[in-house]
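J.: The structure's right below; bear with me while I get my questions together.
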Amino acid sequence: MARIRAGLATHGQAWFAMEQTAGKGQREKRWLAEKGANILLSIALEPEKLGSPQPFIFNASVAIACHDFFKEISGDETTIKWPNDIYWRDRKAGGILIENIYSGEQGWTWSVVGIGLNINQTSFSPDIKNAVSLKQITGKDWDVLELTRSLCSAIENRVGSMHPGQILNEYNARLFKKNESVKFRKENRLFDAVIKGVNALGELEVSGAITETFRSGEVEWII
């Protein structure tokens, strides 16, 4: 963010971190990662150079790229948990946090795509109850830098050709717990609902006592 604001960033520039001490995720959660064991990546992108996609289609494209990259190694039980977590079975393998910069009349000018994927870490904080890594899934150690290069290529290929209808269909085809009943919390309300899909605005559509849609951050999964 600082390099973008200082005019020093270029479109497609990526930063890999061996360690992070103030990682963050959705809903102000901290992202804890063992030094040198995981993919910790930030990519600066200019939406205009990608054809000025709809924000959710852009987000979904990144999520699909991360999903497909991880699934190639971890197997078919890999999914995308709305809005942008990578899951293997019922366990979290990674997360994506996209932060946007808006500049007056120019509108949406930059995005910083933050990605954390668990690769070789096998011990996690007790606060994280459902984490999983590629090493735990496969029983193998992986070259984190080599995998990061492959992930960058996957993201470049995906965001370079975004077709909204196709992206939405692909995202929903990879959706965690689709057509299954899930427990959610909204403020003081706990409820069960069946996940039907995600619409073009990025809202989660569920069916329970009534059909409802939720924006990102409005509800919390109880898993």
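Every read-out reported here was derived from the displayed coordinates using simple, explicitly stated rules and does not represent laboratory data. In this text the structure is predicted, and so the values were computed from the model without any measurement. Backbone-built Cβ (ideal geometry, glycine too); neighbour counts: all protein chains shown.
J.: Can you spot the aspartates and glutamates whose alpha carbon is less than 13 Å from Lys186's alpha carbon? Ignore those fewer than 8 places along the same chain.
T.: Cα-Cα hits under 13 Å: Glu212, Glu218, Glu220.
J.: Could you sort 2-10, 93-101 so that the peptide with the highest average Cβ count within 10 Å comes first and the rest follow in order?
T.: Going from most to least packed, we get 93-101, 2-10.
J.: Straight distance only, please: which lysines reach the Cα of Lys135 with their own Cα at less than 30 Å, same-chain residues fewer than 8 apart left out?
T.: By straight Cα distance, Lys135 reaches Lys24, Lys29, Lys35, Lys71, Lys81, Lys92, Lys177, Lys178, Lys183.
J.: Still on this structure, please answer the following. Mind listing the phi-derived Karplus ³J(HN,Hα) values for segment 80-90, rounded to whole Hz, using 6.51, -1.76 and 1.60 with θ = phi - 60°, and x for any glycine or proline?
T.: 10, 8, 4, x, 7, 9, 9, 10, 10, 6, 9
J.: Which peptide among 164-171, 105-112, 84-91 comes first, and what is the full order, when sorted by highest mean count of other Cβ atoms within 10 Å?
T.: 84-91, 164-171, 105-112
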